[in-house]
There are 2 protein chains.
Amino acid sequence: MSQPPQAAPHRVVVVGGGFGGLQAALKLAAMPVELTLVDRRNFHLFQPLAYQVATGALAAAEICFPLRRAFRGRGNVRVLLAEVVDVELDARRVRLRNVVSETALDPLPYDTLIVAGGAQYDYFGHDDWQRHAAELKSLEGALTVRRRILGAFEAAELERDPARQAAYLTFAVVGAGPTGVEMAGQIAEIARSLRPDMRAADPLRSRILLIEMGDRVLATFPPRLSAKAQRSLERLGVTSRLGESVIDVDAGSISVRRPDGATERIESETVVWAAGVVASPLARLLAERAGFGVERAGRLAVEADLSLPGHPEVLALGDMVSLRQPDGSVRALPGLAPVAMQQGRHAARVVADRLDGRPPRPFHYLDKGNLATIGRARAVADVKGVQLSGFLAWATWLIVHLWYLIGFENRLVVLVRWSFSFFGRGRGARLITQAPEPPGD
Amino acid sequence: MSQPPQAAPHRVVVVGGGFGGLQAALKLAAMPVELTLVDRRNFHLFQPLAYQVATGALAAAEICFPLRRAFRGRGNVRVLLAEVVDVELDARRVRLRNVVSETALDPLPYDTLIVAGGAQYDYFGHDDWQRHAAELKSLEGALTVRRRILGAFEAAELERDPARQAAYLTFAVVGAGPTGVEMAGQIAEIARSLRPDMRAADPLRSRILLIEMGDRVLATFPPRLSAKAQRSLERLGVTSRLGESVIDVDAGSISVRRPDGATERIESETVVWAAGVVASPLARLLAERAGFGVERAGRLAVEADLSLPGHPEVLALGDMVSLRQPDGSVRALPGLAPVAMQQGRHAARVVADRLDGRPPRPFHYLDKGNLATIGRARAVADVKGVQLSGFLAWATWLIVHLWYLIGFENRLVVLVRWSFSFFGRGRGARLITQAPEPPGD
């Protein structure tokens, strides 16, 4: 007796294990599909806390979660450590490269493709600035920032030339969005916490400059909270330099154009980049393969249901996309984890609808609010029009971040670390690791 | 009325922040001396747990402790992030290099110099093997091992050529001392824990080879415990290859000479080096400056009170020294943390005696026993003739390591991690970090 022929399971390929891709994959894993999750890295990075790794408050592994672990025992899910080289839209397959052996893999066929490539920092066309101004989008970037910040305090302690010592104690953070504000606040906290540990160089003599092109910090928050955040930063010892744009970064200095048009060269051994982002190159790849161009900040315009125009079987999401509006214009949602997570879950819902023969639904963003922390027990929050600041906002920030941190083990470990750092001002992960950078860097 | 002239405080320089140097410095910090601790790194590494970082069980920062934090608020203690370039015994000063800026520092004068440079792995004169066979003495080495082991499982998952897949799933650990045994056992545990996470390559098909020149594993333990350890390893899936010596290591293979004289080339993408150690180059530097040569394994022969012959104001300790015996022979104590810690405290005592005008006392080693863990809930212990194995030995190992781990915060965090890994077999720190190694590596 022969079994009735079974339909081959629907094959879904998800590219990217960030907030959006992981949410899509977690929801899809419970559905009757054959899922392949592709990422260049073997872990999910909880990027909102990358700045805490960069400042020695948390260890790298404490904000990362092995992707395979999320799908252990799920026989319908495969995780591939690979990089997307190309997408063949007509043949419906993805070309991949093995990132360990650097060889090509067999093309991966799909019935639905979900691309969640994220975004990366944009050096305004000056890619050479990147070697002197590390960023916080990747774990390696955060570790580089950590090595440079801690190394600068160590070098200041050993330096006898006052001008050189001042350059080591000058920290420039570019961009006053939430990441830049958090970073500048944390550098100020490090300087405080290092004070009893240093002898020759007083960390409190540090200059911490927050350089922002716009006219206020945290531009996405209500002006009242921007003003509060700026005052909190000032009390910590951070100087906000508004209306200034970066015109050059090299080894040992950063140059800016001030609002009056004059330029200024600031001697600083440590520059951290937290300014504008640009979409993953996957946005341009998909746009070109579909026969159109990219939008502002390199984003890919997708339909209201997140599908690629003309290719309903391809979905894209997160801060690599903009949404096409009914009037033909495009709308870019903020590059926040909640946007990506909601879109990831929506993409899984689109697949479920398709399997059940329902038409795809448009994506609607539910704005749960905006949070930014400034330093120990200081934060600002804008939740559905309710504006919080100070300790209450900080407690909210803490709970939200612990809650969303993936992995119960990491939540406990981070809670231990934060308790110690709150009550003892310690920084347990204050390591200068990796070999010194190659000459010239 | 003029104050009576105060004697300038006794200046002590301690080189090295490992187990010996840190113990010496902690004890000296409470004495009326002016102390300078010099290390190339800004942290103390709890090296006995480095293999747990190499296998993703713990995060790097969880076994490291910032050196400055140990002396915070102690005005008589300075910590310098620097490397010793030379020691001028007659002028009584140390020449240093700033490791951040790579420039020379002012020579550092001392009244007493304590050198605790430790040891490093010895590739039997084949330094070129090091790039293919990473070691576990340094944090960077442990992170390299972690990247390679986890990367090998990932590459195996993607590989279609059965021979290449087998090479990725072959792990060779060289040296069956405690580190080699622990490492091989942990790789077997990783293979088990990864099984539900992999689809194409079954990690249980891994070959884990423990290559040892001698005729048993854990040669410093009683033969009965060596036999128990070997059986435990076998049950985990580790093959002990005794009486085999390494004759070559290159990218993708390791070659050995078997006891019958035949040679064998083993295809393996991952080789971990845990064989013989050689003393820090500081041993040779001090010996040469004092006008004599080094002993076996590059160790410096010191007097019974740890002083450099002819230079009572210079003390050296840990696994970079051998002790001169009354009969003129030299005795090398095992390269264990307890030896270094006891010698570090002894060195501080010698300084105290000198300040009080007492003659220096000879060092006596108090052997508290020998511990090695093999895998989850398996270990062997030899404590003053009492031989333990199995769960009891493992519990002892656990308590001893948690107890000696520096920093209460780290102890709590490691306890959380170990509880999770014991009850859930998880590995929270399973990250493949750092950029792919440069071509050719």
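The values are calculated or read from the model by the stated rules, or taken from the named source; none is laboratory data. Remember, predicted model here, so these are calculated numbers, not experimental data. Here Cβ is always computed from backbone atoms with ideal geometry, including for glycine, and neighbour counts include all displayed protein chains.
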| note | Considering residues that are surrounded by 17 or more Cβ atoms within 10 Å (Cβ to Cβ) and outside any strand (DSSP E or B), the number found within region A:253-289 is 11
| task | Kindly indicate whether any position in region B:166-177 is part of a helix (DSSP H, G or I), out of contact with any helix residue (DSSP H, G or I) (no Cβ under 6 Å at 6 or more places or on another chain) and not hydrophobic (A, V, I, L, M, F, W, C). | result | no
| Quick one: A:VAL294 ticks every box in (1) in the same structural domain as A:PRO162 (by TED's automatic domain parsing); (2) in a loop (DSSP other than H, G, I, E, B) bar one, so which box is it? | (1)
| Got a number for residues in region B:350-376 being under 30 Å from B:PHE391 (Cα atoms) and assigned by TED's automatic domain parsing to the domain that holds B:LEU336? | 0
| field | Candidates B:LEU150, B:LEU233, B:LEU194 - the one that is surrounded by 22 or more Cβ atoms within 10 Å (Cβ to Cβ), in a helix (DSSP H, G or I), touching a residue at least 24 places away in the same chain (Cβ under 8 Å) and away from every other protein chain (no Cβ under 13 Å) | value | B:LEU233
| message | Being part of a strand (DSSP E or B) and in contact (Cβ under 8 Å) with a residue 40 or more places away in the chain is the filter here; which residues of region A:236-247 pass it? | response | A:VAL238, A:SER240, A:LEU242, A:VAL246
| field | Criterion: part of a loop (DSSP other than H, G, I, E, B), in contact (Cβ under 8 Å) with a residue 40 or more places away in the chain, surrounded by fewer than 19 Cβ atoms within 10 Å (Cβ to Cβ) and in the same structural domain as A:PRO32 (by TED's automatic domain parsing) - qualifying residue of A:PRO326, A:PRO312, A:PRO334 | value | A:PRO334
| request: Inspect all residues belonging to region B:23-41 and state whether any of them is within 30 Å of B:ILE432 (Cα to Cα), buried (at least 23 other Cβ atoms within 10 Å of the Cβ) and touching a residue at least 40 places away in the same chain (Cβ under 8 Å). | output: yes
| query | What strands (runs of 3 or more DSSP E) lie completely within region B:1-105 and have 3 or more residues being modelled with pLDDT of 95 or more and away from every other protein chain (no Cβ under 13 Å)? | reply | B:10-15, B:77-88, B:93-98
| task | Working only within region B:349-385, note down all residues that are outside any loop (DSSP other than H, G, I, E, B) and either within 23 Å of the chain's Cα centre (by Cα) or farther than 30 Å from B:PRO32 by Cα (or both). | result | B:ASN370, B:LEU371, B:ALA372, B:THR373, B:ILE374, B:GLY375, B:ARG378, B:ALA379, B:VAL380, B:ALA381, B:ASP382, B:VAL383
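Table: residues versus (1) buried (at least 17 other Cβ atoms within 10 Å of the Cβ); (2) under 30 Å from A:GLU182 (Cβ atoms); (3) in contact with a Ser or Thr (Cβ under 6 Å, 6 or more places away or on another chain); (4) in the same structural domain as A:VAL173 (by TED's automatic domain parsing).
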| position | (1), (2), (3), (4) |
| --- | --- |
| A:GLU88 | no, no, no, no |
| A:ARG92 | yes, no, no, no |
| A:LEU96 | yes, no, no, no |
| A:LEU105 | yes, no, no, no |
| A:TYR110 | yes, no, no, no |
| A:GLY117 | yes, yes, yes, no |
| Count of residues meeting criterion [closer than 10 Å to A:LEU169 by Cα and of a type in the set (A, V, I, L, M)] in region A:132-158 | 4
| request: Answer yes or no as to whether B:ILE254 is more than 13 Å from B:MET213 (Cα to Cα), assigned by TED's automatic domain parsing to the domain that holds B:VAL174, in contact with a Leu (Cβ under 8 Å, 6 or more places away or on another chain) and not acidic (Asp, Glu). | output: no
| request: Can you confirm whether region A:208-220 contains a residue that is on the phi > 0 side of the Ramachandran plot and in contact with a Pro (Cβ under 8 Å, 6 or more places away or on another chain)? | output: yes
| query | So which residues in region B:153-178 are more than 10 Å from every other protein chain (Cβ to nearest Cβ), in contact with a strand residue (DSSP E or B) (Cβ under 9 Å, 6 or more places away or on another chain) and closer than 21 Å to B:ASP250 by Cβ? | reply | B:ALA163, B:ALA166, B:ALA167, B:LEU169, B:THR170, B:PHE171, B:ALA172, B:VAL173, B:VAL174, B:GLY175
| task | Search region B:108-147 for residues being within 13 Å of B:VAL272 (Cβ to Cβ) and hydroxyl-bearing (Ser, Thr, Tyr), and hand back the single one that is farthest from the other protein chains (Cβ to nearest Cβ). | result | B:TYR123
